[in-house]
Amino acid sequence: MIKLIATDADGTLFPDCGQDLSAAYFETVQALMDRGVIFGVCSGRPTSNLKRVFAPIQDQIFYITQNGAMASYQDKIVYREAIPMADTRAIVRDIRALDGCMTLYDTGEVCYFEKRDKEAYEFTRDVYHFDCELVDDLLELDTPCIKFSVYRADHVEEVTEKAFAPKWRKTMNVACAGERVVDMVPKAASKGSSLAKIQALFGVSMDETLAFGDNSNDISMLNQAKYSVAVDNARQEVKDVCRYVTDLNTNDGELKVLDALLKDFDHPEAALRPFEK
C-alpha cells in the first residue's frame with residue numbers, strides 16, 4: 001500500500017515558474033489524504049512560495065525545499081543544512097566570474113541578490129513570486145546560505161559545466177533545476193536524503209512511497225521511492241531511473257496517476273500498471 005506521496009513542482013506539476021494548480025488536483029490529493037496518505041512537495045523553491053501554491057492544503061502537507069537543504073512539517077523544521085561560510089564566499093566569487101551568470105543566495109526565508117543582478121532578482125520575484133531582497137554585496141551577509149542558484153537567461157547548464165560545476169561537485173550537490181537555473185546545496189543535502197528523513201518521521205518505507213519528478217535534481221528522491229514516476233517531458237536520465245512514465249506536465253500527467261491510484265487504492269501495482277515503461 002502507498003502511504004506517502006512526494007512530488008516535485010516545476011517541470012512536473014506544471015511548466016517552470018508555474019503557480020496555479022487545478023481544483024481537480026486538490027480534490028484528488030485531499031481524497032488520498034483522507035485515505036491516510038501523507039503528501040508533500042519536494043522542490044527547489046522556498047516554503048513561503050510553496051505554501052501559496054498549495055494554499056488549500058498547505059497546513060496538511062510536508063515540505064522539502066531548497067532541493068533538500070530544508071524539510072519541515074506543520075511549521076517545524078525536520079532538517080536544515082547550511083553551507084559553510086568559507087564556501088559561501090568562494091561560491092559568490094566564482095559565480096561572479098561566470099559569463100552572463102547571476103547569483104541567488106537562499107537562506108530558507110529570503111532570497112538575496114546583488115543590485116548588479118537585477119534581472120535575476122526581478123525574474124525570481126515577479127515570475128516565481130519568491131520573497132526577495134536586493135543587497136549591495138552578498139559577501140557582507142552573515143546569514144547562513146542553504147542553497148545557491150546560478151541564474152542565466154539561457155545556456156546556464158552549458159556555461160556552468162565548463163569548470164564551475166565540476167569544481168564544486170567535490171563538496172556540493174550541483175544539478176540543473178530548469179532552463180535558467182542550476183542549483184547548489186551541501187553534499188549532505190538532497191531531495192532523496194530529506195525524503196528519507198520524512199519517511200523516518202512518519203515510519204514509512206521506500207516500498208510504501210510514490211514520487212514524481214522530471215529533472216536531474218529529482219533523481220535522488222525518485223530513487224527513494226519504489227513507485228517512481230517521470231512525467232513525459234522529463235529528461236531522459238530521469239525516465240531511465242523511474243518505473244513509470246505518465247503524460248506531460250501540461251496534460252495533467254501527475255493527476256492521471258493519482259486518479260488511477262485513488263480508483264484502485266488497495267492495489268497500487270494494478271493501479272499503476274498502465275504507466276509502466
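Summarised as an ellipsoid, region 113-157 has semi-axes of 18, 13, 11 Å, derived from the eigenvalues of the Cα gyration tensor scaled by 5 and square-rooted, with the largest first.
The amide H of Ile83, built 1.01 Å from its N in the peptide plane, has Cys145, Ile146 as neighbours under 5 Å, considering only residues 5 or more places off or on other chains.
Under 16 Å from a label point set 7 Å out along the Cα-to-Cβ vector of Glu27, the amide N atoms of region 236-277 belong to 252, 255-263. Projected label points at Lys187 and Arg89, each 7 Å from Cα along the beta carbon direction, are separated by 2.1 nanometres.
Across region 1-59, C-alpha contacts under 8 Å between residues 6 or more apart give a mean separation that, scaled by the residue count, equals a relative contact order of 47 percent. Mean sequence separation of contacting Cα pairs (under 8 Å, at least six apart), scaled by the length of region 172-222, corresponds to a relative contact order of 41 percent. Which translational diffusion coefficient, to the nearest whole µm²/s, is obtained for the chain from the Stokes-Einstein equation, given a Kirkwood hydrodynamic radius over C-alpha pairs, 37 °C and 0.692 mPa s? Calculated translational D: 175 µm²/s. For region 98-217, with all protein chains in place and a probe radius of 1.4 Å, 49% of the accessible heavy-atom surface sits on carbon or sulfur.
For Lys197, a cut-off of 14 angstrom between C-alpha atoms picks up these aspartates and glutamates, skipping any fewer than 8 places away in its own chain: Glu81. Highest average first, the peptides 200-208, 236-244 ordered by how many other beta carbon atoms sit within 10 Å of their residues are 236-244, 200-208. The angle between the Cα long axis of helix 85-96 and the main principal axis of the chain comes to about 80°, on a 0 to 90 degree scale.
The residues of the chain expose on average 41 square angstrom of accessible surface per residue, using a 1.4 Å probe on protein heavy atoms. Each DSSP beta bridge with both residues in the chain is either parallel or antiparallel, and the antiparallel ones are about 55%. With respect to the chain, whose longest principal axis is taken over its alpha-carbon atoms, helix 191-202 is tilted by about 50°. Size of region 206-277 from its Cα atoms: along the principal axes, largest to smallest, the extents are 31, 27, 16 Å.
Taking Cα atoms only, the orientation of helix 23-34 departs from the longest principal axis of the chain by about 70 degrees. The lysines whose alpha-carbon is closer than 27 Å to the alpha-carbon of Lys263, local same-chain residues fewer than 8 away aside, are Lys3, Lys226, Lys239, Lys277.
Over region 167-235, the reciprocal of the mean inverse Cα-Cα separation, the Kirkwood hydrodynamic radius, stands at 12.8 Å.
Only DSSP H runs of four or more residues enter the estimate; each adds -39500 (n - 2.57), and after division by the residues of the chain the mean residue ellipticity at 222 nm equals -8000 deg cm²/dmol. Taken over the Cα atoms of region 29-93, the convex hull encloses 86 Å³ per residue.
Within region 113-221, the ratio Rg/Rh, alpha carbon atoms throughout and Rh by Kirkwood, equals 1.01.
What the Cα convex hull of region 143-198 gives, in volume per residue, is 93 Å³.
The values are calculated or read from the model by the stated rules, or taken from the named source; none is laboratory data. Here the structure is a predicted model, which is why all the values come from computation and not from measurement. Cβ: placed from backbone, ideal geometry, glycine included. Neighbour counts: every protein chain shown. We work out accessible area using only protein heavy atoms, side chains counted, and drop any ligands, DNA or RNA first. Shrake-Rupley method; radii C 1.70, N 1.55, O 1.52, S 1.80 Å.
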